[in-house]
Amino acid sequence: MADEGDVLTDLNPGAGGNGADTAPVAGIISQYVKDLSVENPKAPESFQWNAQPELDVQFNIGATPVNDEVTEVELKVSCTAKTDQGTAYIVELSYCGLVGMRNMPDDQKHMFSYAEAPRFLFPFARAVIANAVRDAGFAPLMLDPIDFQGLYLQQLQARGEASFSGEGSAAEGEAN
């Protein structure tokens, strides 16, 4: 029933069989909450506060090789809400993804680990944080989108300038 050239049998005509696939490929294998901490230190008093809290949101990206083709990318996010009366809540999340990368040069692996993978993970981390803040008794915290590609390029530029001037460079993947 399947003739040669049929779209169903010829989905990927360029791929070689028996491991001969040499094209670069990268993707998220799985993602998960590695660590989540929610503190509501002034409850129940904090539910009576009327002042708009000042938010401090920090994030950091890390990548740890698991093997030659898999890297764990970790997106750490810390959110603290404070008013003059005290700290309303603190949420700290470590959200990870296992990223598979094959047939890629090291510079592309680095870029994927610190720019693209966090872009894929962020919407899910954002949802975890929103739910954690809501479950702590406050309005959900909806973090604004983050331009991980732009931050990655800024880090590269800053490192280039630092190494050019002979200074040390910032920690890898760190962004605030």
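The values are calculated or read from the model by the stated rules, or taken from the named source; none is laboratory data. Remember, predicted model here, so these are calculated numbers, not experimental data. In this analysis, Cβ positions are derived from the backbone assuming ideal geometry, glycine residues included, and neighbour counts consider all displayed protein chains. These area figures cover heavy atoms from the full protein model, side chains too; ligands, DNA and RNA do not enter into them. Shrake-Rupley method; radii C 1.70, N 1.55, O 1.52, S 1.80 Å.
When the range 100-122 is filtered for residues that are among the acidic types (Asp, Glu) and either buried (at least 20 other Cβ atoms within 10 Å of the Cβ) or in contact (Cβ under 8 Å) with a residue 24 or more places away in the chain (or both), only Glu116 remains. Name the residues in the range 79-99 that are surrounded by 15 or more Cβ atoms within 10 Å (Cβ to Cβ) and among the small types (Gly, Ala, Ser), would you? Correct list: Ala81, Ala88, Ser94, Gly97.
Screening the candidates Met101, Met142, Met111 for the property of being touching a Lys or Arg at 6+ places or on another chain (Cβ under 9 Å) and farther than 28 Å from Thr80 by Cβ yields one hit, Met101.
Table: residues versus (1) within 28 Å of Glu39 (Cα to Cα); (2) at pLDDT 95 or above.
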{"site": "Ile61", "(1), (2)": "yes, yes"}
{"site": "Glu72", "(1), (2)": "yes, yes"}
{"site": "Gly86", "(1), (2)": "yes, no"}
{"site": "Tyr95", "(1), (2)": "yes, yes"}
{"site": "Asn103", "(1), (2)": "no, no"}
{"site": "Asp107", "(1), (2)": "no, no"}
{"site": "Asn131", "(1), (2)": "yes, yes"}
{"site": "Ala136", "(1), (2)": "yes, no"}
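Taking the residues in the range 51-78 that are open to solvent by less than 80 Å² (accessible area, probe 1.4 Å) and part of a loop (DSSP other than H, G, I, E, B) as candidates, determine which candidate is farthest from Gln149 (Cα to Cα). Once the filter is applied, the top-ranked residue is Ala51. Within the range 123-132, the residues that satisfy the criterion of being in contact (Cβ under 8 Å) with a residue 60 or more places away in the chain and open to solvent by less than 70 Å² (accessible area, probe 1.4 Å) are Val128, Ala132. Entry remark, the range 22-43: residues being among the acidic types (Asp, Glu) and surrounded by 14 or more Cβ atoms within 10 Å (Cβ to Cβ) number 1 in total.
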